[in-house]
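Novice: One structure coming up, written as structure tokens, with questions to follow.
The values are calculated or read from the model by the stated rules, or taken from the named source; none is laboratory data. Since this is a predicted model, take the numbers as computed values, not measurements. Counting neighbours? That spans all protein chains shown, and the Cβs are built from the backbone with ideal geometry, glycine included.
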Amino acid sequence: MDEESRLNLEQDVPAVEAFLAENGGTLACDASVYWLTLRPRSATTERYFARVVWTRYPHQAPSVAFATAVRGDLRVTRAWPNIPGYRVGSFDICRPFTAEGYALHSEWNSGSSAWPTVGNPFLWVAQELQFDLDNSYSGRAA
């Protein structure tokens with residue numbers, strides 16, 4: 001990650017930490033890798049660990065994947081929530097807030113699905129993940 005991205009993230013991280021705390025979650029960081037601990041509103045004992053990796057912040061969407069724990073295994077299907085667009089078998093999220101989604105859908109690079117570079121995109125990604133867990137969650141993947 002370049003220095004500009006690191007400095008931009010440094011400014012935006014406190015809002016992400018506050019949002020996660022309000023929703024029973026946490027944030028950990030290892031250099032340029034961020035680990036969000038999230039829980040669905042309908043299953044408060046469940047915990048999901050999202051790894052978020054930025055290459056150019058705020059200019060590009062991050063890579064997002066779920067792990068078994070903070071710094072855990074990324075290739076375990078049970079680490080993933082069942083949510084439309086969260087492709088457990090491919091270990092990616094096909095939605096317009098992930099690098100993986102934009103890589104599969106070039107048409108998302110313009111119009112209403114274009115990546116937002118203003119405001120706090122990291123907070124927006126955290127809010128999208130939490131929204132999906134709160135509104136589209138149907139249990140843990142098998």
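Novice: Run down 46, 17, 100, 107 and say which single residue is of a type in the set (Asp, Glu) and more than 30 Å from residue 4 (Cα to Cα).
Specialist: 46
Novice: When only residues in the range 101-134 that are surrounded by 14 or more Cβ atoms within 10 Å (Cβ to Cβ) and of a type in the set (D, E, K, R) count, which is farthest from the chain's Cα centre (by Cα)?
Specialist: By that ranking, first place goes to 134.
Novice: Just for the range 1-35: of the residues that are touching a Phe, Trp or Tyr at 6+ places or on another chain (Cβ under 7 Å) and part of a loop (DSSP other than H, G, I, E, B), which one is farthest from residue 126 (Cα to Cα)?
Specialist: 1
Novice: May I ask you to list the residues in the range 36-59 that are under 13 Å from the mean Cα position of the chain (by Cα) and under 18 Å from residue 120 (Cβ atoms)?
Specialist: 36, 38, 50, 52, 53, 54 - these are the residues of the range 36-59 that are under 13 Å from the mean Cα position of the chain (by Cα) and under 18 Å from residue 120 (Cβ atoms).
Novice: When you look at residue 65, is it over 21 Å from residue 11 (Cβ atoms), in a strand (DSSP E or B) and of a type in the set (A, V, I, L, M, F, W, C), yes or no? Can you show your working first?
Specialist: On the way: over 21 Å from residue 11 (Cβ atoms): yes; in a strand (DSSP E or B): yes; of a type in the set (A, V, I, L, M, F, W, C): yes.
Against the criterion (over 21 Å from residue 11 (Cβ atoms), in a strand (DSSP E or B) and of a type in the set (A, V, I, L, M, F, W, C)), residue 65 qualifies.
Novice: Oh, and also: Can you find a residue in the range 105-123 that is among the hydroxyl-bearing types (Ser, Thr, Tyr) and modelled with pLDDT of 95 or more?
Specialist: Keep residues of the range 105-123 that are among the hydroxyl-bearing types (Ser, Thr, Tyr), which gives 106, 110, 112-113, 117.
Still in the list and also modelled with pLDDT of 95 or more: none.
Looking for residues that are among the hydroxyl-bearing types (Ser, Thr, Tyr) and modelled with pLDDT of 95 or more, one finds none in the range 105-123, hence no.
Novice: Would you mind telling me which numbered condition in (1) closer than 20 Å to residue 116 by Cβ; (2) among the aromatic types (Phe, Trp, Tyr); (3) part of a strand (DSSP E or B) residue 57 fails?
Specialist: Residue 57 satisfies every listed condition except (3).
Novice: Looking only at the range 30-62, which residues are closer than 24 Å to residue 14 by Cβ, hydrophobic (A, V, I, L, M, F, W, C) and surrounded by 14 or more Cβ atoms within 10 Å (Cβ to Cβ)?
Specialist: Matches in the range 30-62: 33, 35, 36, 38, 49, 50, 52, 53, 54, 61.
Novice: Sticking with this one: Restricting the first residue to the range 81-100 and requiring it to be modelled with pLDDT of 95 or more and crowded, with 16+ Cβ neighbours inside 10 Å, which pairs with a second residue that is assigned to a strand (DSSP E or B) and of a type in the set (S, T, N, Q) meet a Cβ separation below 9 Å and a spacing of at least six or different chains?
Specialist: 92/63; 98/63; 99/63; 100/63
Novice: From (1) part of a loop (DSSP other than H, G, I, E, B); (2) within 22 Å of residue 12 (Cβ to Cβ), pick out the condition that doesn't hold for residue 73.
Specialist: The one condition residue 73 does not meet is (2).
Novice: Quick one: which of 32, 42 is hydroxyl-bearing (Ser, Thr, Tyr) and at pLDDT below 95?
Specialist: After applying the criteria, what remains is 32.
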